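What follows is a structure written as structure tokens; I'll ask about it next.
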Amino acid sequence: WVWGVTGHRGAAPLFTGTDAARGAGACAVPVWPTPANSTCGSVHVEVLPSLTVAIEGWAGSARFQAAAERALEQILKQPERRQRGLTEPQFTFPSDDDDDGGGSDAAVRDTAVLKLRELVVVVEEEDDGAAPQLDVDESYHLKVPAATGRAVLSAKTIFGALHGLTTFTQLVERVPGRASMVIRHTPLAIDDAPRYPWRGLLLDTANHFLPVPQLESFLDAMAIVKLNVLHWHIVDSYSFPFESPSVPDLAAAGAWHPSAVYSPSDVEQVVAYATARGIRVVPEFDMPGHAYSWGLSDALQGITVDCIDYASELGHVNDVPMDPSNETTYEVVDQVLGDAGRLFPDKFVHLGGDEVQYGCWNKSVALRRWMDQQDIAPGDFRAVEMYFYERVYPTLARAGRSSVVWEEVLINGETGEWQDAPPLPPSATVVETWTSPEYLAEVIQHGYDGILAYGWYLDRQNPIDHESTWFWQDSWSQMYLVEPDALDESPTPNQRSSRGAAESGRILGGEASLWSEQVDPLNALAQAWPRTAAVSERLWSPREVRDLANAADRLGLLRCRLVGWFRLASAPIWSDWCSASYDGPSTPGF
């Protein structure tokens, strides 16, 4: 298989102002996230507009063919970016905040005489077209020589090959004064693999509905920064946009509007789009709390508890939980999870479990009477919650699925004390922590695998407790320095992907989270990007990659490319000029 590009599309030159390698050591490359290992030289090679991507020793796949075509288009669609001084000068010494007049670009013009004509791809395993799963091999090796016209990308799986293709695309830069593109610092060798296997973004489509084309825009950006999990928080208290074929009343009454729904074909479209980019889709059906929208139809109003005279700081709609004493509750949940199992191929389903309001349950005379019949002590609503999971978990187990739950299922939200959850075994449960940086270690010590959400809430003005920034977008720097594993002092790629002891769990990675109480299609993308990229580098790159000045320079470039390649409404992080920002809208939310 060979794919090529013919002709030149007239893209404006890329101008970085300062060399992208500045301040990051001898072999920094303008790639996000930073590769695990790289070595490089001092020769700049020219990338011909007729560059081709060829496969050797591999049958190829429609998935990779489409990815190669996208990559070649992006290579020729580099936007022009201009700077004066450094990006985010507060992250370096004032004396370094100068404009070098593009000297590094001049050096490229003088030395880029060798020609790169071809990228050869070698993949060990055939691509069966299936969706990725946790712990799939995502490693790749990329060599860009200085003396021949062929770069070589090798990987064990299609997913590693997709990541390597993304890296190659970002290596190519356009500089003023040249008709074609260059790759700097060859001979260049990259040996790369992720630090963590679970690198996600939560999108809440219940508080405000986000249309499918916008979800696809998110997936485009996620693929570029090597995020591999879309945590789709598809339903919540305020709306139920998931059209369940088995229980149509849920969306008919629970969605904001008949047009604000995800049909089965919509879900299949999102999953297929993600799969084509090596991204898993993990759906969340929050239960037993945040259930108001489940009970809005006449036929289903009995599956939630009516506690109109109870209100917490969350507001009444967020207070309403499911009714564990009603058998219809379990019939509906089983049907919804069954539909989810047929539409979402991932092994995991997120069951929520956060912010269950025991006070609302306490207002129900019928529930308290049922507790007495079940020999549950008065006021022991923890036992009620565990009864609920005892009834729900077997549905997942029968389908061969595992669960993800929020920390409150296992950690008391008021005292911070551990509380066992027998219905949710560590062997088939992942715990997501969000309220404290210490809770992830607690989860791991009790044998559960865990993922971190704390510090990466994109809706928060200050994502780290007791820290603040002057500019809204500067919170990317706070997120960038959040460390999932405070105990790991010398990590290597994939080091934390295996259990340290028989009784210990794993840190699988983490997720940025875009809750949508104040987000809708008009601002969702700009709220998330480019700050989400800070999380992607923390989860992919080695722990020692923490230089904010270098990160700022690369993040500014990444942001301009996201706008240019996808018409993505990504916000700037500092003063610059990106040509793509003025080319006009073409995607939802721009």
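The values are calculated or read from the model by the stated rules, or taken from the named source; none is laboratory data. Please read all numbers here as calculations on a predicted model, not as lab measurements. Cβ atoms come from the backbone with ideal geometry, glycine included; neighbour counts cover every protein chain shown. Note: accessible area is taken over every heavy atom of the protein model, side chains too, but ligands, DNA and RNA are not part of it. Shrake-Rupley method; radii C 1.70, N 1.55, O 1.52, S 1.80 Å.
Please calculate the 1.4 Å probe accessible area of GLU125, with all protein chains present, and give it to the nearest 10 Å².
Surface open to solvent at GLU125 totals about 80 Å².
Further question: For the chain, what is the accessible area per residue in Å² when the probe is 1.4 Å?
Counting only protein heavy atoms, the per-residue value for the chain is 37 Å².
In square angstrom, rounded to the nearest 10, how much accessible surface does ASP372 have for a 1.4 Å probe?
Approximately 110 Å² for this residue.
Roughly what angle does helix 531-540 make with the longest principal axis of the chain, taking Cα atoms, 0 to 90 degrees, to the nearest 10?
90 degrees
Give me the percent of accessible area attributable to carbon and sulfur for the chain, probe 1.4 angstrom.
51 percent
Excluding ILE308 itself, calculate the net charge of residues whose Cβ lies under 13 Å from the Cβ of ILE308, where each Lys or Arg counts +1 and each Asp or Glu counts -1.
That sum, taken over residues with Cβ under 13 Å, equals -2.
Right, next: Please report the net charge: other residues with Cβ closer than 15 Å to the Cβ of LEU562, K and R +1, D and E -1.
Result for the local shell: +3.
I've got another one for you. Describe numerically, in nm with one decimal, the distance between label points set 7 Å from Cα along Cα→Cβ at ASP459 and at GLN335.
Going by the 7 Å Cα→Cβ label model, 2.9 nm.
For the chain, what does the equivalent ellipsoid look like in terms of its semi-axes, each the square root of 5 times an eigenvalue of the Cα gyration tensor, given largest first in whole Å?
Semi-axis lengths for the chain are 45, 24, 23 Å.
Counting only helical runs of four or more DSSP H residues, what would the 222 nm mean residue ellipticity of the chain come to if each run contributes -39,500 (n - 2.57) and the total is spread over all its residues?
Calculated at 222 nm, the ellipticity per residue is -8500 deg cm²/dmol.
Roughly speaking, what is the centre-to-centre gap between the range 272-346 and the range 179-248 when only Cα atoms are used, to the nearest Å?
Comparing the Cα centres of the range 272-346 and the range 179-248, I get a distance of 22 Å.
Also: Just read off the accessible area of SER297 with the full protein assembly in place, 1.4 Å probe, to the nearest 10 Å².
10 Å²
Would any residue of the range 273-307 have its amide N under 14 Å from a label point 7 Å out along Cα→Cβ of LYS363? List them or say none.
Only 290-292, 304-307 pass the distance filter.
If amide hydrogens are placed 1.01 Å from N in the peptide plane, which non-local residues have theirs closer than 5 Å to the one on MET181?
Hits under the 5 Å cutoff: VAL47.
Grab the beta carbon distance between ALA130 and LEU481, set R0 = 25 Å, and tell me the FRET efficiency rounded to 0.05.
Plugging the Cβ-Cβ distance into 1/(1 + (r/R0)^6) gives 0.10.
If you don't mind, there's one more thing I want to ask. Between GLU390 and GLN373, what length in nm is gained on full extension when 0.36 nm per residue of separation is reduced by their alpha carbon distance?
Contour length minus Cα-Cα distance gives 4.4 nm.
Between ALA299 and CYS27, what length comes free when the chain is fully extended (0.36 nm per residue of separation minus the Cα-Cα distance, one decimal in nm)?
Computed gain between ALA299 and CYS27 is 91.6 nm.
What are the equivalent ellipsoid semi-axes of the range 261-331, built from the alpha-carbon gyration tensor (square roots of five times its eigenvalues), in whole angstrom, biggest first?
Three semi-axes, in Å: 31, 15, 11.
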